Structure formats: structure tokens, C-alpha cells
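Here is the structure we will look at, set down as C-alpha cells.
The values are calculated or read from the model by the stated rules, or taken from the named source; none is laboratory data. Since we're looking at a predicted model, the values are computed, not measured. Neighbour counts run over all protein chains shown; Cβ positions are idealised from the backbone, glycine included. For the accessible areas, the whole protein counts, side chains as well, though only heavy atoms, and no ligand, DNA or RNA atoms are used. Shrake-Rupley method; radii C 1.70, N 1.55, O 1.52, S 1.80 Å.
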Amino acid sequence: MIHLKELSGDEKILQSRFQDAIYLAQVRNQPKFTGFLDIRQQEILKAVSAAAGFSSWRLYGGFPEAERKVAGFFPDYVEPDGLDMFPIMPLTAHFREQDKLSHRDFLGSLMGLRISRELVGDILVGNGMAVFFVLEKAAPVLLDEFLKVGRVGITLSKGAQNLEELRPKLVCVSGTVSSARLDAVVAFLTHLSRGNAQEMIRQERVKVDGQVRTDIAGQVQVPSLLSIRGYGKYALHSFYGVSKKGRLHIKAGHYQ
């Protein structure tokens with residue numbers, strides 16, 4: 001849970017940016033869009049909007065499962081469900097299949113072009129191709145100058161080709177846990193012992209909704225998104241009911 005009074009530094013500045021965007025939408029009747037936000041930033045947005053009593057906002061990242069998303073703030077009279085309003089453009093890169101490129105390779109090369117992180121959304125990489133999402137204002141530069149990823153030549157074009165093949169698949173995971181404590185949930189998702197799960201948490205390898213969590217005994221709220229370094233990302237959907245042995249039923253999904 002985000003406590004706005006505890007924010008500082010860049011997060012405090014981000015809070016002010018969200019407040020300014022709400023003002024423009026509510027008072028000036030001007031739609032406003034941010035750059036791509038990570039999960040933590042999206043949680044701050046939700047807290048700021050709730051504090052302001054503002055609900056005419058939406059998040060969109062180019063496809064339903066996107067992690068990084070652009071926030072749109074809209075006047076009350078605008079119907080914000082039209083996702084084509086968002087200034088997002090998908091681009092598709094093709095390269096030789098024998099050139100095994102990764103998400104990190106693409107991101108590093110994009111940063112090498114001095115493209116700021118907020119201009120770039122999710123990057124989906126497959127065999128011989130990748131689809132990634134950028135703000136529209138960054139697209140012309142990339143189409144002209146983004147010719148290589150490292151030493152590997154690529155061809156870049158507008159649009160999201162074969163996106164269905166690259167979209168992450170959410171595999172259902174269900175079972176029981178002793179409680180909603182962070183260490184219990186991590187142990188369940190990773191199939192590790194409780195002690196090993198606790199050690200991972202101490203090593204700051206676990207994030208919940210984009211924030212590193214080291215409170216081993218802290219409760220995990222639902223819904224939430226867990227990122228466990230070395231194991232992947234999990235969407236925690238619900239805790240429901242108690243088994244005959246007094247354990248809590250849990251339902252989650254593993255992005256693969």
C-alpha cells in the first residue's frame with residue numbers, strides 16, 4: 001500500500017506530476033498522458049487519484065498483459081475507454097534467428113540512442129523478431145536510427161506483427177498456504193522451503209507491485225503482482241476459504 005506522506009525524491013516529484021495532470025483534466029478540460037510507468041509508479045498514481053477523488057483516468061500499455069503502461073487523465077465529459085486515444089506506437093524488429101537477442105539487449109541499445117526509459121514500454125522478444133511499444137514522439141527517431149542491437153542488424157517497421165506469439169501466457173497456479181505472509185506466498189510460488197524463501201526476501205530478490213519487500217512476516221494483499229528474481233513474475237489473484245487442515249486457499253498465475 002502506498003502512503004503518500006512517505007514519498008520522497010523522484011517519487012514525490014512524480015506525485016506532483018500526477019496532481020498537475022488531474023488539475024488539467026478537471027479544471028482546464030485538457031486530456032493529459034504520461035510516459036510509460038512501471039508497476040510502482042502505477043501504484044502511486046492510484047493512490048494520488050484516490051486522494052484527489054479523481055476516477056477519470058486509465059492505464060494502457062499497448063496490449064492487455066503489458067507491465068509498463070501509460071496513464072491517461074481525461075475531463076469528465078470524455079469517454080476514456082477508447083484506447084486508440086493513447087499516444088502509443090508498436091514497432092516490430094526482425095533479425096536473424098541465429099542471433100539470439102534478449103530483452104536486455106534491446107533495452108540497452110535503445111538507451112544507447114539516448115531514448116529515455118519513460119518513452120519505452122514492454123519489449124517482447126522471440127525467435128528472429130521482437131515487438132516493443134514506444135510513445136509516438138519517439139517512433140520517427142527509432143525508425144531512422146535504430147538499425148542495430150549490439151552488433152546485430154535489425155529491420156524495423158511500424159505495427160505489432162505476430163503479437164499473439166510473443167504475448168506472455170498466464171498459467172494458473174493454485175493450492176494452499178499456511179497464511180498470507182510474504183514468506184509463505186513466496187515459498188508456495190517458487191516451491192522452495194520456507195527458510196529458503198525467507199533468505200530470498202532478505203536478499204531483496206522479491207518485489208510486490210514494483211516495490212522491494214523485505215518484511216518476511218508482512219501480509220500480501222490481493223490482487224498484486226510479485227516479481228521473484230530467478231523465478232519470474234506472478235499475478236496473485238485471491239485468497240479464498242480455508243482447507244480442512246486450516247490452510248488458506250490461494251489462486252495465482254505465472255507469466256511464461
Using the Karplus equation 6.51 cos²θ - 1.76 cosθ + 1.60 (θ = phi - 60°), what ³J(HN,Hα) coupling, rounded to whole Hz, does each residue of the stretch 30-47 give in order, writing x for Gly and Pro? 10, x, 9, 10, 8, x, 5, 10, 7, 4, 4, 5, 5, 5, 5, 4, 4, 5
Along the charge dipole of the stretch 1-123, Cβ charges K/R +1 and D/E -1, which of Phe74, Gly112, Ile2 sits furthest on the positive end? Gly112
Compare the Cα positions of Ala187, Val206, Leu143 along the charge dipole of the stretch 136-216 (+1 at Cβ of Lys, Arg; -1 at Cβ of Asp, Glu; about the Cα centre) and return the one farthest towards the positive end. Ala187
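Per DSSP helix of 4 or more residues, -39500 (n - 2.57); summed, then divided by the residues of the chain. What does that give at 222 nm, rounded to the nearest 500?
Values: 7 runs with 71 residues, N = 256.
Calculated from helices alone, the mean residue ellipticity at 222 nm is -8000 deg cm²/dmol.
Using a simple charge model, +1 on the beta-carbon of Lys and Arg, -1 on the beta-carbon of Asp and Glu, nothing else, what dipole does the stretch 11-139 show about its Cα centre, in debye to the nearest 20? Walk me through the numbers before you get to the answer.
On the way: 15 positive and 16 negative charges, 85 e Å.
Roughly 400 debye, rounded to the nearest 20.
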Accessible surface of the stretch 3-85, 1.4 Å probe, proportion on carbon and sulfur as whole %: 47
Cα-centred dipole magnitude for the chain, charges only on beta-carbon of K, R (+1) and D, E (-1), debye, nearest 20: 820
Using only the alpha carbons of the chain, what is the convex hull's orientation-averaged projected area in square nanometres? 15.9
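Provide the packing ranking of 179-191, 10-22, i.e. peptides ordered by the mean count of other C-beta atoms within 10 Å per residue, highest first.
Averaged packing, sorted descending, gives the order 179-191, 10-22.
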Per residue accessible area in Å² of the stretch 150-256, where ligands, DNA and RNA are left out and the probe is 1.4 Å: 56
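Might you report the magnitude of the Cβ-based charge dipole of the stretch 93-183 about its Cα centre, with Lys and Arg at +1 and Asp and Glu at -1, to the nearest 20 debye? Could you put the intermediate results ahead of the total?
Working: 12 positive and 11 negative charges, 34 e Å.
Computed about the Cα centre, the dipole is about 160 debye.
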Rounded to the nearest 10 Å², the accessible area of Tyr23 at probe 1.4 Å: 110
Selection from Gly128, Asn196, Tyr234 lying farthest towards where the dipole of the chain points positive, charges on Cβ: Asn196
Straight-line reach from Lys32: which lysines have Cα under 28 Å away, leaving out those fewer than 8 places along the same chain? Lys5, Lys12, Lys46, Lys69, Lys137, Lys158
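For the chain, what relative contact order do you get, as a whole percent, if you take Cα pairs closer than 8 Å and at least 6 residues apart?
Numbers: 442 pairs, mean separation 37.1, N = 256.
Across the chain, relative contact order equals 15 percent.
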How fast does the stretch 145-241 diffuse by Stokes-Einstein, in µm²/s, taking the Kirkwood radius from C-alpha pairs at 37 °C and 0.692 mPa s? 210
